[in-house]
Ligand code: NAD
């Protein structure tokens, strides 16, 4: 009655609309400890199904039983768990070594060889990575307890290793340190495997890990210690465009050195993921986009492996009969010996094919996953999707009974490599740092900028670069001995001249066609894009962002240029409403000279966004940069001018906020003030700008973006791996110095202990050091003053909560402004550290018992900037979307990193004036809307055609 097995899979295929609810329910079930929670989710996922009679019987029964008082919750919950466990049993060989051993014995007695895969959670910290290493070694040891088997004599047992499980800080940017850590953990595994003559395959995971995986295999093959051992295995994914090149490269290398290597050939399991990531980032798609092309490549690679036999020992992994037959034919043609080639299939998948091939005497190895159900869920859901997807050979063969093979179609042409083009604006995307070549180019740029340390830079007024005696010195926060540069400081005379120039040029700039201004902005976007590596280097050296954050800062700046250019063209079209006898025209006009006052924490992005929005809408700008990052401001202005700005349209006046800033803000010719920064300064600017003096006839428009105290709620049923990653990135990315940063973590009390344990472990594994070193996740704080302020908050935190992670930094760092992440548990929602914007890596944790309470706490601050929720409960997601009132709300993802045109950014309450940078309404802040109406009726006659 409760069987979810094949019967259910068949059923799901016929009802695709219920499929996603069912798989989401399966995904969350293992994380629900309490019976009442299981019932609650059952109802949330299935109660409002349009046609309940179409639901599987066990769900219908569960829903009905949950309303009957005499059926205890526990019975319904156990029934659901039992059903899902049955399904899991089909694809997962056991949850402990004992069950696994029994299954291996059974499979081997039937003539299958095996490769064991240990299912696990994503590793959060170095302790967990160590535990993984230990677990792999434990599997190898447990092979000793298995009885001798016929099949294992010819086809040794095997272990499949996931490298990302062995390093919590696996990062292509930290190539050398990642490789060192991996080697340290892999070698003991290999030693043990060699002693037992066990094959070790290194699984190939996402494209971002590909280069390091191949590099590690090459290093191990070249290591003298393993010179006499030839049971190492790699994986080649036929869907990958570089698979042939990778395969040839490594096999040629092996051939030249007389080495042998197992090569498991598969189609590839991360097809959707690779495409989504590539589309999002505007990267070349690394995988073939058509299945037919992948199938064809599979056959070509099988042939290649045949050509390289015996250097290559091929393992043809597939569930597609055509592909497997192709492998068999290659093995036959090359006369491959037993034990030197094999077929591989996944445990529980396409069993009739497994049986058939086994009975015909072909060497079939099963990839056997084992482990706890909870970490195994993502594996299970992937298998379920594969078994029920329309594209799947398995589905077509065993369910639809159609002729499924996609055939080896030699007519198919290669797909285009670039992601599909879309009309209008699209983000330029991040650099792809999983590619060594891109890392090298960025490295060269950093080196070249470091050579420019200590240069002098001018201020800029009315088209003239001006040097003054008084300068602002900008130092590298990673090492205060490094002077990044010195920039001329504007005195009151300069400020006055800048204001006059802006005032005088306003008429001309206003009358310059919007197309011309938008063209200029696109040219600027091109220029920033062309120099993106150089600009990212300035950001990481002057501002202390790590490589990825610096690159994202530059990306956002470029995106602003293209997005606002596009928006300007749209706005300029205006609107027209014609009524009988009446013409109505609605247009926008620039407001006038604009003061732009940006902060230091997005030194290029925010400055570019505010300045270009004002300029493209026809307003001359006086830009007062932050004193912490004036050189980046100079770099921007230089390029903006080079892109073709008339004299006087943009002025750069570095100086202190209280002097230069004040002077600009209060000046009568300033019409708009675009400010991003702290609440205190923002509110004081608003107050000053609000005063209308005797001779003034305008109200200044003040566009304010200020701080936040952003809560991230982690629900009891959240995917803990994803939540953990989201919290780490949101709270400690750029050392917590983002207005959007997670600065309050709200944890459901039922998961608080275990979640915090892992979070602490993960945070303490983060690498801290100079931003120029790409291996560092956390760099310095912006300056000494910030460091002292954060240290005061750290002292306060010790009073206001239970510190579970004390900030700690390595001893050997240069003289920069470093501190480590701090986590403080059991903080009262009214405590100062839970209410004030700290702007550093201090994370207060508040435990809550139900969602209403969490939302109340989250909303109960003076800010409303960003917020987030990790949950798999549909009702909770709905409730938070409606009741958690912030400018930018994120569900099941990190709460930082808003993208231009996708997540218009900005908050309300005391976080800002709700103006949404990077959104469709932003430019209107710099414009007056005008409505012009003409009565076209003359003496009873109207020229309207439609009358
Ligand atoms: P800040 O308020 O100290 O300085 C911001 C800018 O204002 C600087 O250019 C500064 O020189 C200038 N300034 C200072 N005093 C002034 C005055 N009296 N008159 C005119 N200008 C003056 O802020 P910061 O330290 O540079 O940046 C951090 C703050 O910015 C945080 O509070 C953060 O939350 C906020 N921020 C908000 C957003 C957002 O979009 N909401 C984005 C980034 C940063």
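The values are calculated or read from the model by the stated rules, or taken from the named source; none is laboratory data. Just so it is clear, the model here is predicted, and its values are computed rather than measured. Every residue, glycine among them, receives a Cβ derived from its backbone with ideal geometry; neighbour counts consider all protein chains shown.
Need a quick list: helices (runs of 4 or more DSSP H) entirely within segment 120-226 having at least 2 residues that are without any contact (Cβ under 8 Å) to a residue 24 or more places away in the chain and out of contact with any strand residue (DSSP E or B) (no Cβ under 6 Å at 6 or more places or on another chain).
Details: elements: 126-142, 150-154, 175-196, 210-222.
Once the helices (runs of 4 or more DSSP H) in segment 120-226 are filtered for at least 2 residues that are without any contact (Cβ under 8 Å) to a residue 24 or more places away in the chain and out of contact with any strand residue (DSSP E or B) (no Cβ under 6 Å at 6 or more places or on another chain), what remains is 126-142, 175-196.
Look through segment 106-143, keep the residues that are modelled with pLDDT of 95 or more and over 38 Å from the mean Cα position of the chain (by Cα), and return whichever of them is farthest from residue 188 (Cα to Cα).
So, considering only residues that are modelled with pLDDT of 95 or more and over 38 Å from the mean Cα position of the chain (by Cα), the one farthest from residue 188 (Cα to Cα) is 110.
Checking residue 45 against (1) on the phi > 0 side of the Ramachandran plot; (2) outside any loop (DSSP other than H, G, I, E, B): exactly one of these is not met. Which one?
Result: residue 45 fails condition (1) only.
Give me the residue from segment 449-477 that is more than 41 Å from the chain's Cα centre (by Cα) and assigned to a strand (DSSP E or B) and, out of that set, nearest to residue 655 (Cα to Cα).
466
So the check is Cβ under 9 Å with 6+ separation or different chains; which pairs have a first residue in segment 437-465 that's farther than 16 Å from residue 548 by Cβ and a second one that's surrounded by fewer than 13 Cβ atoms within 10 Å (Cβ to Cβ)?
Cβ pairs passing all conditions: 456/467; 457/467; 458/467; 459/467.
Say whether the condition of being within 16 Å of the ligand (Cβ to nearest atom), part of a helix (DSSP H, G or I) and over 30 Å from residue 932 (Cα atoms) is met by at least one residue in segment 609-621. Working first, answer last.
First pass over segment 609-621, keeping only residues within 16 Å of the ligand (Cβ to nearest atom): 609-614, 621.
With the extra rule that they be part of a helix (DSSP H, G or I), the set shrinks to 609-614.
Next, only the ones that are over 30 Å from residue 932 (Cα atoms) stay: 609.
Within segment 609-621, one or more residues are within 16 Å of the ligand (Cβ to nearest atom), part of a helix (DSSP H, G or I) and over 30 Å from residue 932 (Cα atoms).
Go through segment 884-895 and give me each residue that's within 11 Å of the ligand (Cβ to nearest atom) and in a loop (DSSP other than H, G, I, E, B).
Hit for segment 884-895 is 887, nothing else.
Out of curiosity, is residue 724 crowded, with 22+ Cβ neighbours inside 10 Å, more than 16 Å from the ligand (Cβ to nearest atom), farther than 30 Å from residue 925 by Cβ and in contact (Cβ under 8 Å) with a residue 24 or more places away in the chain?
Details: crowded, with 22+ Cβ neighbours inside 10 Å: yes; more than 16 Å from the ligand (Cβ to nearest atom): yes; farther than 30 Å from residue 925 by Cβ: yes; in contact (Cβ under 8 Å) with a residue 24 or more places away in the chain: yes.
Yes: the conditions hold for residue 724.
Quickly run through segment 692-706 and pick out the residues that are within 14 Å of the ligand (Cβ to nearest atom) and free of Cβ contacts under 8 Å to residues at least 60 places away in the same chain.
Answer for segment 692-706, where residues must be within 14 Å of the ligand (Cβ to nearest atom) and free of Cβ contacts under 8 Å to residues at least 60 places away in the same chain: just 700.
If you check residue 716 against the conditions, is it within 11 Å of the ligand (Cβ to nearest atom) and over 30 Å from residue 477 (Cβ atoms)?
Values: within 11 Å of the ligand (Cβ to nearest atom): no; over 30 Å from residue 477 (Cβ atoms): yes.
So residue 716 fails the test.
Name every residue in segment 808-817 that is without any contact (Cβ under 8 Å) to a residue 60 or more places away in the chain and either surrounded by 15 or more Cβ atoms within 10 Å (Cβ to Cβ) or touching a strand residue (DSSP E or B) at 6+ places or on another chain (Cβ under 6 Å) (or both), in order of residue number. I'd like the intermediate steps shown before the answer.
Step one: of segment 808-817, the residues without any contact (Cβ under 8 Å) to a residue 60 or more places away in the chain are 808-813.
Those that are without any contact (Cβ under 8 Å) to a residue 60 or more places away in the chain and either surrounded by 15 or more Cβ atoms within 10 Å (Cβ to Cβ) or touching a strand residue (DSSP E or B) at 6+ places or on another chain (Cβ under 6 Å) (or both): 809, 813.
Checking residue 650 against (1) in contact with a strand residue (DSSP E or B) (Cβ under 9 Å, 6 or more places away or on another chain); (2) at pLDDT 95 or above; (3) near the ligand (Cβ under 10 Å from one of its atoms), which test does it fail?
With (1) in contact with a strand residue (DSSP E or B) (Cβ under 9 Å, 6 or more places away or on another chain); (2) at pLDDT 95 or above; (3) near the ligand (Cβ under 10 Å from one of its atoms) applied to residue 650, the lone miss is (3).
If residue 333 passes every condition in (1) more than 18 Å from residue 156 (Cβ to Cβ); (2) in contact with a helix residue (DSSP H, G or I) (Cβ under 8 Å, 6 or more places away or on another chain); (3) surrounded by 16 or more Cβ atoms within 10 Å (Cβ to Cβ) but one, which one does it miss?
(3)
When residue 770 is evaluated against the numbered criteria (1) surrounded by fewer than 23 Cβ atoms within 10 Å (Cβ to Cβ); (2) within 16 Å of the ligand (Cβ to nearest atom); (3) part of a loop (DSSP other than H, G, I, E, B), which criterion, by number, is the only one it fails?
It is condition (2) that residue 770 fails.
For segment 822-863, enumerate the residues that are surrounded by fewer than 21 Cβ atoms within 10 Å (Cβ to Cβ) and more than 12 Å from residue 747 (Cα to Cα).
Of everything in segment 822-863, those that are surrounded by fewer than 21 Cβ atoms within 10 Å (Cβ to Cβ) and more than 12 Å from residue 747 (Cα to Cα) turn out to be 828, 829, 830, 831, 832, 835, 836, 852, 856, 859, 860, 862.
Only residues that are on the phi > 0 side of the Ramachandran plot and either touching a strand residue (DSSP E or B) at 6+ places or on another chain (Cβ under 6 Å) or more than 16 Å from the ligand (Cβ to nearest atom) (or both): list them for segment 822-866, please.
Residue satisfying the conditions is 826 alone.
Which one of these does residue 727 not meet: (1) under 25 Å from residue 830 (Cα atoms); (2) assigned to a strand (DSSP E or B)?
(2)
From the residues in segment 586-604 that are near the ligand (Cβ under 9 Å from one of its atoms) and outside any strand (DSSP E or B), which one is farthest from residue 650 (Cα to Cα)?
Step by step, filter segment 586-604, then rank; the result is 601.
Can you pull out every residue in segment 672-684 that is surrounded by fewer than 22 Cβ atoms within 10 Å (Cβ to Cβ) and either outside any loop (DSSP other than H, G, I, E, B) or more than 9 Å from the ligand (Cβ to nearest atom) (or both)?
Scanning segment 672-684 gives 679, 680, 681, 683, 684.
In this structure, is residue 929 more than 16 Å from the ligand (Cβ to nearest atom) and modelled with pLDDT under 95?
Spelling it out, it is not the case that residue 929 is more than 16 Å from the ligand (Cβ to nearest atom) and modelled with pLDDT under 95.
Being surrounded by fewer than 21 Cβ atoms within 10 Å (Cβ to Cβ) and over 21 Å from residue 347 (Cα atoms) is the filter here, so list the residues in segment 110-132 that pass it.
Passing the criteria: 122, 126, 127, 128, 130, 131.
Among the numbered criteria (1) assigned to a helix (DSSP H, G or I); (2) under 24 Å from residue 123 (Cα atoms); (3) at pLDDT 95 or above, which single criterion is violated by residue 785?
Condition not satisfied by residue 785: (2).
Find the residue count for segment 332-388, including only residues that are under 21 Å from residue 88 (Cβ atoms) and either free of Cβ contacts under 8 Å to residues at least 60 places away in the same chain or assigned to a loop (DSSP other than H, G, I, E, B) (or both).
Residues that pass the stated criteria total 10.
Return the pair list, or none, for Cβ contacts closer than 6 Å from residues in segment 761-789 that are free of Cβ contacts under 8 Å to residues at least 12 places away in the same chain to residues that are buried (at least 22 other Cβ atoms within 10 Å of the Cβ) and in a loop (DSSP other than H, G, I, E, B), at least 6 apart or on different chains.
Hits for this filter: zero, empty list.
Restricting to segment 736-754, name every residue that is more than 11 Å from the ligand (Cβ to nearest atom), in contact (Cβ under 8 Å) with a residue 40 or more places away in the chain and either crowded, with 23+ Cβ neighbours inside 10 Å or not in a loop (DSSP other than H, G, I, E, B) (or both).
Those that are more than 11 Å from the ligand (Cβ to nearest atom), in contact (Cβ under 8 Å) with a residue 40 or more places away in the chain and either crowded, with 23+ Cβ neighbours inside 10 Å or not in a loop (DSSP other than H, G, I, E, B) (or both): 742, 744, 745, 746, 747, 748, 752.
Among the residues of segment 278-312, which ones are out of contact with any helix residue (DSSP H, G or I) (no Cβ under 6 Å at 6 or more places or on another chain), buried (at least 20 other Cβ atoms within 10 Å of the Cβ) and without any contact (Cβ under 8 Å) to a residue 60 or more places away in the chain?
294, 297, 305, 309
Exactly one of these conditions fails for residue 657: (1) touching a residue at least 12 places away in the same chain (Cβ under 8 Å); (2) more than 8 Å from the ligand (Cβ to nearest atom). Give me its number.
Only one criterion is unmet by residue 657, namely (2).
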